[in-house]
Structures are given as structure tokens and as C-alpha cells.
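Data block below; observations after.
The values are calculated or read from the model by the stated rules, or taken from the named source; none is laboratory data. All values reported here derive from a predicted model rather than from experimental measurement. Here the Cβ positions follow ideal geometry from the backbone for every residue, glycine too, while neighbour counts run over all protein chains shown. With ligands, DNA and RNA removed, areas are computed over all heavy atoms of the protein, side chains included. Shrake-Rupley method; radii C 1.70, N 1.55, O 1.52, S 1.80 Å.
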Amino acid sequence: MIDTKKIMSMLQKSQMLAEIYNCKLNLGFSGGKDSVVLKYFADYHNIDYVANFNNTQIEQYKGMLKFIKTNYPDVIIIHPEKKNSFFELMKKKGIPSLFRRWCCESLKHSNPKLSEYKVNVMGVRGEESIARFERGEISVFGKSKRSERKLDALKKTFESNDSIIKCEGRKDKVNIYPIFDLTEKEVYEIIKVENLTIPDIYYSGCGRLGCAFCPFASPSENYQTIKSNPSIAKMWIRILSNEYFLKKRQRNVIGKTDGTGLFFLYINKMMMYKKTFNKGLMYLNEKDMYGKTGLELFEEYLKEHNVI
């Protein structure tokens, strides 16, 4: 059963916490189904917030900006400066991975244009992953003992029935997840009952939205993104094919494959371990019974979908 009272309480306390911090409450709006439901509850309970969409410029859903402007015009779209764009950062930092997710930190968590917002509510749900479930309903960003004490104090405050917020200090950024307990089924039930508008891509079998070619995306999701958003795939290959990038960031593949081959290894999750990396290289360089290498077959697939 959906605990609407808890969602309301968390939103109201988040607003009160923002007042203590002397800042506006930021509602992180991704355009996905969870943030749409979060925004619905915030509007229903008359929460004073500012909704912001972080435009990573590599959205998996090609029509996201148009979708937001059409259906949620009060959401502010934050565009990154060119030097902080994904592909410019990839030149400096290399390919993102599960162990080096610099992209989330750089494009979402540390956007300088959102630095004024210290208290944020976001549509994160515990059901999405073990890591998110273990993180809990509140996150305090900071490595000091002060931030640890603040996290413990805020958890007690948000778990209590008391309507008073107790918070000492205003130096750490706080993220709060009011719909943390909702299941995916419950999210869709709310969308249906309240007639909420979500991106049409959800109705074509897509279970998630987010950044194209995210380190968490499966190979099947990556191939679907190639079909639906070939322009981003084209940019990936352009950066990976850059001679400076290969020499500076991916020295281990020089002479073994090119940028297209490197893209193949990445989207097929073959770059994390030496064994899978070598297996991928073998596939790319060996010929099949018809005399075509794996790289040539992949290039044919990319041509079919207007990437190269």
C-alpha cells in the first residue's frame, strides 16, 4: 500500500530544511517516470520548490528536451558550459566505467549552475538497485564527522512523527528521496490513476531512461540506443577515434583496434577485465566463415543505422 502520508511528510520537512539552509528546495527532474511522480506529489501538497533538469546532452531519449518544454514548462533546463560537456570531459578523463563514474559526479552532482541548491529532493527508489537501497532515504554529501552526525540526526528527524526539523550547521549538501519506498508497479499505478504524462518511449518496452551508453546499461540497451539515437553514437566514435585520445587515454588499444572497435568493446561490457577485453579483440580481428571480421560486421550494423 502506498504510504502517501510519509511522502507528504518527507516533502514538507525537505521544504523546512531548505528554509533552515536559507535556500530554495531543488526538485531534481530527470523527465523519467519517477521524477514525474515525485513532481506530482510536490505539486499536490503545495511544496515550494524549483524544478531543475540537468541537460547532460547525452540523453538516451532523443526527445527529452521537447517533452519537458511541452509537458512541464515550469521545469528549468540547465545547460552545461562547453568545457563541462560530456565529450569534452571524456577527452580529459577517459571512458567512464562502473568503477570510474566521473560522468555522474561531473554532469549531475557537481553542476556549478546548481551550487546554490543545498537541499534536493529526487525521484530515487530503493527498489532500483541494492546500492540505492543501502544508501537509504537521505544522503549527506561530505566526509567529515560533522556530516556523519548530520546524517544520523536527519534520519531520526525524518523518521519521527514530529513536524519539527532539527538540523545543525548548513555546510553539507543534502539529498532526500521521498518516493524511496515505492515499487515500479506503484509508480505506474499513480501515473495511470492521476493521468500523468511520461515519455512515450516507456510504452515501447523501455524500462529506464537516462544517459546514452551509461556504464550501467546492458549491451541490449546500448544497441537499442544506437538505433534510436545514432547521433550520440556517432559522437562517441568520433572522440574514441581521435589520435590524441587513443595515445593519452587508451594507450593499451593502439595497434589492436580503432575507435569503432573500442566503441564495440565498451557497449558490449568487455573493457572491465583483461579476459573479456582480449576475447573482444579476438572477435573484432578474426574472420568468420564468409571472410568478414567482427569489426567489419559491426561497421555494417552502424551503417545500417546511420552512425557511420
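Mind listing the phi-derived Karplus ³J(HN,Hα) values for the stretch 82-87, rounded to whole Hz, using 6.51, -1.76 and 1.60 with θ = phi - 60°, and x for any glycine or proline?
4, 5, 9, 6, 4, 6
For the chain, what does the alpha-carbon gyration tensor say about shape, rounded, prolate or oblate, given a ≥ b ≥ c as the root eigenvalues, a/c under 1.5 as rounded, and a/b over b/c as prolate? It would help to have the intermediate numbers written out before the result.
Numbers: a/c = 2.30, a/b = 1.85, b/c = 1.25.
Prolate.
For the stretch 119-173, compute Rg over Rh where Rg is the Cα radius of gyration and Rh is the Kirkwood radius from the inverse mean 1/r over Cα pairs.
Taking Rg over the Kirkwood Rh, I get 0.97.
Can you compute 3J(HN,Hα) from phi for each residue in the stretch 216-230, using the Karplus curve 6.51 cos²θ - 1.76 cosθ + 1.60 with θ = phi - 60°, rounded to whole Hz and x for Gly and Pro?
Residue by residue, the stretch 216-230 yields 8, 6, 7, x, 5, 5, 5, 5, 5, 5, 4, 5, 7, 9, x Hz.
At 7 Å along Cα-to-Cβ for each site, give me the label-to-label distance between Glu189 and Lys62 in nm.
Computed distance between label sites Glu189 and Lys62 equals 3.6 nm.
On a full-extension model of 0.36 nm per residue, what is the gain between Lys155 and Thr276, subtracting their alpha-carbon distance, rounded to one decimal in nm?
39.3 nm
So with the 1.4 Å probe, I'd like the accessible area per residue for the stretch 1-97, rounded to whole Å².
Roughly 45 Å² per residue, with all protein chains present.
With +1 on each Lys and Arg Cβ and -1 on each Asp and Glu Cβ, and nothing else charged, work out how big the dipole of the chain is about its Cα centre, in Debye to the nearest 20. Write down the numbers at each step before the final one.
Working: 51 positive and 36 negative charges, 303 e Å.
The dipole of the chain has a size of about 1460 debye.
In the chain, what percent of the accessible surface is made up of carbon and sulfur (1.4 Å probe, ligands and nucleic acids excluded)?
In the chain, the share of accessible area belonging to carbon and sulfur is 52 percent.
As a quick test, which of the pairs Lys82/Lys155; Lys24/Lys227; Lys92/Lys287; Lys13/Lys33; Lys118/Lys248 have an alpha carbon distance above 28 angstrom in this structure?
Listed pairs above 28 Å: Lys82/Lys155; Lys24/Lys227; Lys92/Lys287; Lys118/Lys248.
Can you give the Rg to Rh ratio for the stretch 78-181, taking only C-alpha atoms and Rh from Kirkwood?
Working: Rg = 15.9 Å, Rh = 15.7 Å.
With Rg and the Kirkwood Rh in hand, the quotient comes to 1.02.
Above 16 Å lies some portion of the pair distances; for the stretch 45-88, what is it as a whole percent of all C-alpha pairs? Don't skip to the answer; put the middle values down first.
Values: 438 of 946 pairs.
The answer is 46 percent, as a whole percent.
Under a Cβ-only charge scheme (Lys and Arg +1, Asp and Glu -1), can you give me the dipole magnitude of the stretch 65-154 about the Cα centre, in debye to the nearest 20? Don't skip to the answer; put the middle values down first.
Details: 20 positive and 11 negative charges, 95 e Å.
I would put it at about 460 debye.
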